[in-house]
1. Filter segment 33-92 down to the residues that are over 20 Å from Leu16 (Cβ atoms) and β-branched (Val, Ile, Thr) and list them by number.
2. Helices (runs of 4 or more DSSP H) wholly in segment 17-99 with at least 3 residues that are among the small types (Gly, Ala, Ser), at pLDDT below 90 and loosely packed, with under 12 Cβ neighbours inside 10 Å - which ones?
Amino acid sequence: MTTDSTWAAPQPDPTLHNPIKINPETCISCMICDYVCPGDVIYKQPRSKELPVIVFPDECWYCGLCEQACPADAITVVFPEEMLNPTTPVTSLLGVDPK
């Protein structure tokens, strides 16, 4: 089996909301966030000092596992405004007739 050391992670779409903020000053590049992310949103090149990359930000589950597992407290999960202050009526989400 051969290993291609030139492979690079796909770059995220900059127009999407990035839910995971990684502090480059405190990140120790340990790969724990990559390991624990259930949505496979975070990618970290093994044995590299590069910061983890949020490859698929639109697939984040907002579970916070990466933030909780980070030993350096370098990760913050940022919720989008529409999740914090929803304006959609609950009845429309449940499919219940308001009458």
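1. Answer for segment 33-92, where residues must be over 20 Å from Leu16 (Cβ atoms) and β-branched (Val, Ile, Thr): Val36, Thr87, Thr88, Val90, Thr91.
2. Working: elements: 32-36, 65-69, 81-84, 90-94.
Helices (runs of 4 or more DSSP H) meeting the threshold: none at all.
The values are calculated or read from the model by the stated rules, or taken from the named source; none is laboratory data. All values derive from a computational prediction rather than experimental measurement. A quick note on method: Cβ atoms are made from the backbone with ideal geometry, for glycine too, and the neighbour counts reach across all protein chains shown.
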